[in-house]
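Data first, discussion second: the structure below is written as structure tokens.
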Amino acid sequence: MDSALGLRGKDFVLLATDGHAEFSVLRLKDDEDKIITIDKNKLMAAGGPSADRTMFCEYIQKNIHLYRLRNGVTLSVRAAANFTRGELAYYLRRNPYQVNVLLAGHDEEGPSLYWMDYIASMAKVSRGAHGYAAYFVMSILDRHWKPDMTEEEAIEVAKLCFDELKRRFLISQSSFVVKIVDKDGVRTLPRFAI
Amino acid sequence: MARRYDQRTTTFSPEGRLHQVEYAIEAISHAGSVIGIQAKDGVVLAGEKKETTKLVDPGKRGEKVYKIDDHVIVAVAGLTSDANALVNRARINAQHYFSRYGENEPVEQLVVSLCDYKQQYTQFGGLRPFGVSFMFAGWDRHFGFQLYQSDPAGNYTGWKATAIGNNYSSAVPMLKQDWKEDMALDEAVHLAAKVLLKTTESSSLTSDKCEFAVLTVKDGKVSHRMLTNDEILAESKKLEQEQQQTTTTTTTS
């Protein structure tokens, strides 16, 4: 049921996920953070069973940190995305992690956003979404996304998506976590509760 | 007495030395010399091919400089057969990195991986160490142009300019004297030719006596190539002229 969306702006990437933790048909909480900070210029939003999600996110985060310790240099966003996809593909034929990922970051190449699903498909995109939310918000992102969006414009578009999810999605979601990554690092916006 | 500590590669002598490893390093200083020089817009590797009979058909492949990947080349000094095995390993390592991360392996990581492998043979018994020193030239987005040298023990160091193999101890002071911080690549090639000519104590340079490779970046893409015989001959001629000029000035003064 997890919803995740991301859009790339002029010099930043915005990621948003719903803030709900679930158990069976219950909603456990509404301030769950599903966007992990991989390092100072990379974010990863993930959806899927919460055990797989936490395990996989930490596995990637820790391995990228290990790479930095071993080699004294930081992975580019592209390299991190390729690595993450590789790990998904590796475990796919063993004991798969059921996670869908949006990986965002900012480096010498500028802002970039990668979309990956649990069967290890990957695409570099300008905007994307995962989960049931994708059915509702992709058209909104297509309609309102512009190549050189400012942060304010991107937040407005994200709000349109949240409204739509509240209005039309049967399993209505009303709390969202939004993070932004740009050249200065990562930031968490105040929680969106609608 | 000394023999007791010579036989096994991984046994320390009472003086705390590993003789086999030292012999391996010593063997390199008789191998065809290699000179590497970093310039502001590229790196040059120059290697001396040891004289063999002219009956040998060299084929198309060179024997001193190998391509590891688009962004790294290496010149070898030592046992060619050992070098082949290590070059093969380095190539696999570079491609493995590319398949994992979708971009070129940083040069130092490639050097480290190969040196880790070489180091194993100085520690685990029964096998001899690799009798090869390498001179790596490469470019990556982290540190730009780079030049590294490695020895059979698995040590490696980064350099602006250095030499390995035959007569390296006389080549290094020459490089020290003539290397400049903002050298252009053609100046570096010229310096490499000059040093190689002096260390090999030959009268001229030709493509059957030496190999030259240059690595540059053009429009954000790394490229490298071997110098042609004509280019090597041109360098050789330029050196001869310079030599004549210095001799005439010394005789007139």
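FYI, it's all coordinate maths here, none of it is from the lab. Fair warning: this is a prediction, and the values are worked out from it, not measured in the lab. Note that each Cβ is placed from the backbone with ideal geometry, even for glycine, and that neighbours are counted across all protein chains shown.
Remarks
- For the stretch A:1-98, trypsin sites (Lys or Arg not before Pro) are listed when DSSP marks them as loop and at most 11 other Cβ atoms sit within 10 Å of their Cβ; the list is A:93, A:94.
- Longest DSSP-loop-exposure-free segment, chymotrypsin sites (Phe, Trp or Tyr not before Pro), chain B, at most 14 other Cβ within 10 Å: B:13-123
- Placing unit charges on the Cβ atoms only, positive for Lys and Arg and negative for Asp and Glu, gives the protein assembly as shown a dipole magnitude near 940 debye about its Cα centre.
- Using the Cβ of residue B:72 as centre and a radius below 12 Å, the other residues enclosed give a net charge of -3, where K and R count +1 and D and E count -1.
- Here is how the number arises for chain A: DSSP H runs of 4 or more residues each give -39500 (n - 2.57), the sum is divided by the residue count, and the result at 222 nm is -12000 deg cm²/dmol.
- Packing-based exposure ordering (other Cβ within 10 Å, fewest first) of B:199, B:122, B:249: B:249, B:122, B:199
- Positive dipole terminus of the stretch B:31-248, leading residue within B:130, B:177, B:212 (C-beta point charges): B:130
- Scanning chain A for GluC sites (Glu not before Pro) in DSSP loops with at most 12 neighbouring Cβ atoms within 10 Å leaves A:1-107 as the longest stretch between them.
- Relative intensity of chain B on a log10 scale, I(q)/I(0) at q = 0.13 Å⁻¹, equals -0.83, per a Debye sum over C-alpha point scatterers of equal strength in the absence of solvent.
- Where GluC sites (Glu not before Pro) in DSSP loops with at most 11 other Cβ within 10 Å are excluded, longest remaining stretch of chain B: B:52-180
- Charge dipole of chain A about the Cα centre (unit charges at C-beta), most positive-ward option of A:120, A:65, A:161: A:120
- Among A:104, A:133, A:16, residue whose mean-square fluctuation peaks in a GNM of chain A (springs only between Cα atoms under 10 Å): A:133
- Each Lys and Arg adds +1 at its Cβ and each Asp and Glu adds -1 at its Cβ; summed about the Cα centre, the stretch B:31-248 shows a dipole of about 400 debye.
- Over the protein assembly as shown, equivalent-ellipsoid semi-axes from the Cα gyration tensor in Å: 57, 26, 16
- Residue B:96 versus residue A:183: modelled label distance in nm, points set 7 Å from Cα along the beta carbon direction: 3.8 nm
- Computed per residue of chain B from DSSP H runs no shorter than four, each worth -39500 (n - 2.57), the mean residue ellipticity at 222 nm is -12500 deg cm²/dmol.
- Between residue B:33 and B:48, B:166, the built amide H atoms are under 5 Å apart, and every one of these is 5 or more places off in sequence or on another chain.
- Ranking B:168, B:189, B:117 by Cα position along the charge dipole of chain B, where only Lys, Arg, Asp and Glu carry charges on their C-beta atoms, puts B:117 farthest toward the positive end.
- Taking amide H as placed 1.01 Å from N in the peptide plane, residue B:183 has its amide H under 5 Å from the amide H of B:40, each at least 5 places away in sequence or on another chain.
- Spatially proximal lysines relative to residue A:183 (Cα-Cα < 20 Å; intrachain offsets below 8 disregarded): A:10, A:40, A:42, A:124, A:146
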